[in-house]
Amino acid sequence: MGKKILVIGDAMLDSYHFGDVRRISPEAPVPVFLEVGKKKYSPGGAANVAINIAAIGMDTTLFAIAGNDDYGKILKEQLEKSGISTEYLQVRDDYRTISKLRYIGPGNQQILRVDTEDTTPEKISVLEGLFDKLEKEIDQYHLIVVSDYLKGLLTEEITQRIIQLGLKRKIQVIVDVKDKNISKYKKATILKPNRKELAELSGCNTDTLDFAILAAMKLCKQAECKYVLATLGADGMILVNENGLIRRIKSMAREVFDVTGAGDTSIAYLAAELVKGTDIERAMIISNYAAGVQVSKVGTSIVYPEEVCAAMQEDGRSKTAGILNYYTDGGLEPLARAKAQGRKIVFTNGCFDILHVGHITYLRKAKRLGDILVIGVNSDESVRRLKGDSRPINTCEDRMVLLSSLDFVDYVVEFKEDTPAGLIEKIIPDVLVKGGDYKPEEIAGADFVLANGGEVKILDFVEGKSTTSIVEKMKRS
């Protein structure tokens, strides 16, 4: 089973009506907005967090409330289209879906925003059925994101129930905070405030970087959390524990068009990287780049891993490969987009049980054959069927994390079958690569690739370097 993330919070729908402004109203000093018929709908708030996590390739579930209305139907439809589980989305007749309607004029200038919301605090009794179900199924999740927009769902009682459930099951809980009430967020793993929220929660001055660090240390101690990750605008991000500053990074935004959704994108990438096994400092860097990409767009938008990779490469930073999910609708979408852009996709596969110099040499050569290198990785069950009950030595999750850390690898994806033939037919690579002394007709998926105009390449392994030889050597020692 792949890594799964649970997002709980205030879900909303962002609506954009595009139009033109040519005159000022004679009735009042306001612009006359002429709609041109173009409209756009995007999941917002906690739903935007979920959408971005799913786009990274993670199994994602949203725990939220929506109304049984037109906006609620659009929201649910868009979530499910993105492969997000809505089994914990409570749709109610007595609830109006939270919405933000924006009128966008020439040059993508926002003219007016109209909000629809009911911030009446939710009663936990109304959600008891969902919590009963969650408590039985919580072990399938590897991380919980709490996205608080102060719209009524995340009362102190509900928020603490989620945090305590995570503590009990040793699941990390990351909270994007909005409330001034520290006790609401106590014992979460990571709190993620902005400068204003940090000041309100800590009761401290945060005007300078040094003051913000002291405020974050105080908040970390009072909230009994492991880290505070604060976003400070032009001062970038700081990662702090109760003992002091761990890391500070500068803001990575290039040209700012719209800050809508930047915080959602940032926490989405932070969560996904932590679940992949990325250390928190690097996860923080990647999430900062993701936020920088988001603010260069207009409105609430999905930020895709390849966009973050491109931004990091522009700055000369190494990237982390994306982890795709072959078994989720839309899980291979980044590759479809890459093909549509004319980029050449190279695919190879293997167990990669113990990563060694032979693998590295062969994979580096494979990358040179195209623009994007995708690695199919045998699941643990698949390895056992192929290699015997003593293998794999490393879990599929660990093997994928190691491969994803290589600069020349773009995507990794698990497959559960004995061969990657089905996966290859979904990806339709331009180049299929295999290492060793195979003949093309012996390679799974080769016929399909050749029939679709692709190439099949066989690369030599480094002599004497193999997982089997390493295992045998370990047995003798």
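Coordinate-derived values only; no laboratory data. From a predicted model like this one, the values you see are computed outputs, not experimental measurements. Neighbour counts are summed over all protein chains in view; Cβ atoms, including those assigned to glycine, are modelled from backbone coordinates with ideal geometry.
Quick notes on this structure:
- With respect to the chain, whose longest principal axis is taken over its alpha-carbon atoms, helix 46-56 is tilted by about 20°.
- Each residue of the range 435-444 was assigned a 3J(HN,Hα) from its phi angle through the Karplus curve 6.51 cos²θ - 1.76 cosθ + 1.60 (θ = phi - 60°); the sequence is x, x, 10, 6, 9, x, 5, 8, 9, 4 Hz, with glycine and proline shown as x.
- Note on the range 323-476: semi-axes of the ellipsoid equivalent to its C-alpha gyration tensor, largest first and rounded to whole Å, are 24, 17, 15.
- Using a cut-off of 25 Å between Cα atoms, the listed pairs Lys170/Lys416; Lys218/Lys250; Lys196/Lys218 include Lys170/Lys416 as exceeding that distance.
- The range 323-476, dipole about Cα centre (Lys/Arg Cβ +1, Asp/Glu Cβ -1), debye to the nearest 20: 460 debye
- Angle in degrees between helix 467-476 and the longest Cα principal axis of the chain, rounded to the nearest 10: 70 degrees
- Compared with the dominant principal axis of the Cα atoms in the chain, helix 262-276 is inclined by about 30°.
- When peptides 21-30, 62-71, 103-112 are ranked by their average number of other Cβ atoms within 10 Å per residue, the highest-first order is 62-71, 103-112, 21-30.
- For the listed peptides 396-406, 132-142, a ranking on the average number of other beta carbons within 10 Å per residue, highest first, reads 396-406, 132-142.
- 3J(HN,Hα) along the range 200-213: 5, 6, 8, x, 10, 6, 10, 5, 10, 4, 4, 5, 5, 5 Hz, from the Karplus curve 6.51 cos²θ - 1.76 cosθ + 1.60 with θ = phi - 60°, whole Hz, x for Gly and Pro.
- Stretch gain in nm, segment Arg96-Arg161, where the contour uses 0.36 nm per residue and the Cα spacing is subtracted: 21.0 nm
- Rounded to the nearest 20 debye, the dipole size of the chain about its Cα centre is 940 debye, using +1 on the Cβ of Lys and Arg and -1 on the Cβ of Asp and Glu.
- Computed over the chain, the per-residue total of -39500 (n - 2.57) for DSSP H runs of n ≥ 4 gives a 222 nm mean residue ellipticity of -10500 deg cm²/dmol, rounded to 500.
- Matching the structure-derived Cα extents along the principal axes in Å against the labelled list (1) 64, 55, 45; (2) 78, 53, 46; (3) 75, 70, 42 gives the label (2).
- Across the options Phe415, Val401, Gly454, the greatest Cα extent toward the positive end of the charge dipole of the range 323-476 (unit charges at beta carbon of Lys, Arg, Asp, Glu) belongs to Val401.
- Relative contact order [Cα under 8 Å, 6+ residues apart], the chain, whole percent: 11 percent
- For Ala66, distant residues with modelled amide H under 5 Å away: Gln90, Val91, Arg92
- Label-to-label distance for Glu441 and Ser390 is 3.5 nm, based on points extended 7 Å past Cα in the beta-carbon direction.
- Here's how it looks for Val177: its modeled amide H is under 5 Å from those of Lys192, which are all 5 or more places away or on a different chain.
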